[in-house]
Amino acid sequence: MNTESHSQLAAFIWSVADLLRGDFKQSQYGRIILPFTLLRRLECVLEPSKCKHPCFSGTAD
């Protein structure tokens, strides 16, 4: 990836982040988005074991 395309990609990501941030101040953004990003990552990593857990198999009451 050359420097120009890297800069364009970074600018695009920041523009999307600005849209998603909405009413949050820039200083608050990291405290809000980072935990949700971490939760989503954990959900993806634990997906294979999710169907093995009784709470998700439909057998637990």
Pick from segment 1-18, criterion more than 18 Å from the chain's Cα centre (by Cα) and open to solvent by 100 Å² or more (accessible area, probe 1.4 Å), ranking: modelled with the lowest pLDDT: MET1
Counting only residues that are of a type in the set (A, V, I, L, M) and either open to solvent by 90 Å² or more (accessible area, probe 1.4 Å) or touching a Gly at 6+ places or on another chain (Cβ under 7 Å) (or both), segment 36-51 contains a total of 3
Would you please list the contacts, defined by Cβ atoms under 8 Å and residues six or more apart or on different chains, that run from a residue in segment 27-56 that is more than 27 Å from ILE13 (Cα to Cα) to a residue that is hydroxyl-bearing (Ser, Thr, Tyr) and part of a helix (DSSP H, G or I)? CYS51/SER57
Could you pull out the residue among ARG21, ARG31, ARG40 that is of a type in the set (D, E, K, R) and modelled with pLDDT under 80? ARG21
Please determine, by comparing only the residues of segment 43-61 that are assigned to a helix (DSSP H, G or I) and at pLDDT below 80, which one is nearest to the chain's Cα centre (by Cα). LYS50
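The values are calculated or read from the model by the stated rules, or taken from the named source; none is laboratory data. Note that the structure is predicted; figures quoted are calculated from it, not measured. Heads up, the Cβs are rebuilt from the backbone with ideal geometry, glycines too, and the neighbour counts pull from every protein chain shown. Only protein heavy atoms, including side chains, enter the accessible area calculation; ligands, DNA and RNA are left aside. Shrake-Rupley method; radii C 1.70, N 1.55, O 1.52, S 1.80 Å.
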